[in-house]
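**Student:** Would you mind keeping the following structure in view while I ask a few things?
Derivation of every value follows stated rules applied to the coordinates shown; laboratory data play no part. These figures come from a predicted structure and were not determined experimentally. Cβ placement follows ideal geometry from the backbone for every residue including glycine, while neighbour counts extend to all protein chains displayed.
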């Protein structure tokens, strides 16, 4: 195989493979990127058997063929090359990578050992649900739920984001780790995902990376045990998580006895400042609400205490409840969260629910703490 390709285009493809290739693996081939060249088309593919990505770019192919190279080292090499063009030539038991006066020789693993990946053919897509929507809309939905996914490897069904369709052309994404729950809905015409499926956390991390800075339309399809996202010459696929997502509707408060409205930036700032003295492990803070004011406070026996008051729209009786500050900071720190946030509360042991004035289709449920 022998080819020449524009550096930035090739580098962008290699960048997208970095999160997919396994840092620790029992199969050395999974640390490699598969490079296939034919005609003027050059394809880069990486997979860890659960998530995979394929990107096409154009170049000058003098000799067709395929090779595999260490994805991380190749990315670092290409990034540092002094020229605007990269030349790759296989032969003599290795692969030569050159750019300007820099020259590298890398070892390749036989591409026949590279795992087969799903092909984007009509047959492969048969029976799938296909959605077409703006890339930034999907990216926003992922951002607003992904952070609430459980990292506990023993709770597999909570290790991803649940997606299902509702009535009136609505698609809903839900994530929970058992302590908090994030839910977002958006209108996507003509889609039916019933029953819902669980999209894996790692796949969505890579989807978010793929959708960065993109506002064009993308294709998002679900079929069999795979989900696939296609955008501008890039194809990302992920294996769905098997198992049943818990009945999340049971933990969403149907109504709340108390409602307090505060500025999201004011609450975020107060939480950041007060939580400095909170326990490193529990990160507990107490909310005390009274007419026109919300007090955020924490007490740490080993260090001291902190409290701050912010203006609030509240006219009920005095009430106090504890929360994990990190759970609230996570949601208030999301990009696009601004304006007024409404917090619905019932008693000291029932979950609170946050809703954003700027996005009425987004809800965030958080369990209280005993302080």
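**Student:** Please list 270-279, 164-173, 300-309 highest first by mean number of surrounding beta-carbon atoms within 10 Å per residue. Display every interim value, and only then the final one.
**Tutor:** Numbers: 270-279: 18.5, 164-173: 15.6, 300-309: 12.7.
Highest-to-lowest ranking by the protection proxy: 270-279, 164-173, 300-309.
**Student:** On C-alpha positions alone, give me the angle between the axis of helix 71-80 and the longest principal axis of the chain, in degrees, nearest 10.
**Tutor:** Tilt relative to the chain: about 80 degrees.
**Student:** Then there is this: Could you identify which residue out of 262, 21, 33 has the top mean-square fluctuation in a GNM of the chain using Cα springs shorter than 10 Å?
**Tutor:** 262
**Student:** Can I ask one more? Roughly speaking, what is the stretch gain from residue 166 to residue 25, that is 0.36 nm per residue apart minus the C-alpha to C-alpha distance, in nm to one decimal?
**Tutor:** 46.8 nm
**Student:** Still on this structure, please answer the following. Sort 15, 327 so that the residue with the fewest other Cβ atoms within 10 Å of its own Cβ comes first and the one with the most comes last.
**Tutor:** If I rank by nearby Cβ atoms, fewest first, I get 15, 327.
**Student:** Add -39500 (n - 2.57) for each DSSP H run of 4 or more in the chain, then divide by its residues: what number comes out at 222 nm, to the nearest 500 deg cm²/dmol?
**Tutor:** Values: 6 runs with 62 residues, N = 371.
Result for the chain: -5000 deg cm²/dmol, rounded to the nearest 500.
**Student:** With an 8 Å cut-off on Cα pairs and a minimum separation of 6 or more residues, tell me the relative contact order of the chain in percent.
**Tutor:** Values: 823 pairs, mean separation 46.3, N = 371.
Relative contact order of the chain: 12 percent.
**Student:** Could I ask something else about it? Cα axis of helix 264-274 to longest principal axis of the chain: angle in degrees, 0 to 90, nearest 10?
**Tutor:** It is inclined by approximately 80 degrees.
**Student:** Springs between alpha-carbon atoms under 10 Å, Gaussian network over the chain: tell me which of 20, 97, 285 tops the mean-square fluctuations.
**Tutor:** Comparing 20, 97, 285 in the GNM, the peak value goes to 97.
**Student:** Connecting C-alpha atoms closer than 10 Å in a GNM of the chain, tell me which of 39, 99, 178 has the biggest fluctuation.
**Tutor:** Comparing 39, 99, 178 in the GNM, the peak value goes to 39.
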